[in-house]
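Colleague: Before I ask anything, here is the structure I am working with.
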Amino acid sequence: MSEQDIPAVSNSLPPDVIRRLKKAATGLQYGTITLVFHGGKVIQIERNEKLRLNSPQGSV
């Protein structure tokens, strides 16, 4: 992930939050990352990963 992949809002986020956001995004193929704000500051980063399972053909 490069700096260009993060929108301009990253200019207003502390470097520690940017670092943790990049870490949360590393390896994520399907899922979401949610930033929780309180008082205009990021207080929580939630990483929700979905695992896609391929079922064998003919099974339900």
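The values are calculated or read from the model by the stated rules, or taken from the named source; none is laboratory data. From a predicted model like this one, the values you see are computed outputs, not experimental measurements. Counting neighbours? That spans all protein chains shown, and the Cβs are built from the backbone with ideal geometry, glycine included.
Colleague: In region 36-53, is there at least one residue being in a loop (DSSP other than H, G, I, E, B), surrounded by 11 or more Cβ atoms within 10 Å (Cβ to Cβ) and modelled with pLDDT of 90 or more?
Modeller: no
Colleague: To continue, here is another question. Right, LEU21: out of contact with any strand residue (DSSP E or B) (no Cβ under 8 Å at 6 or more places or on another chain) and either at pLDDT 85 or above or part of a helix (DSSP H, G or I) (or both) or not?
Modeller: Taking the combined requirement at face value, the residue does not satisfy it.
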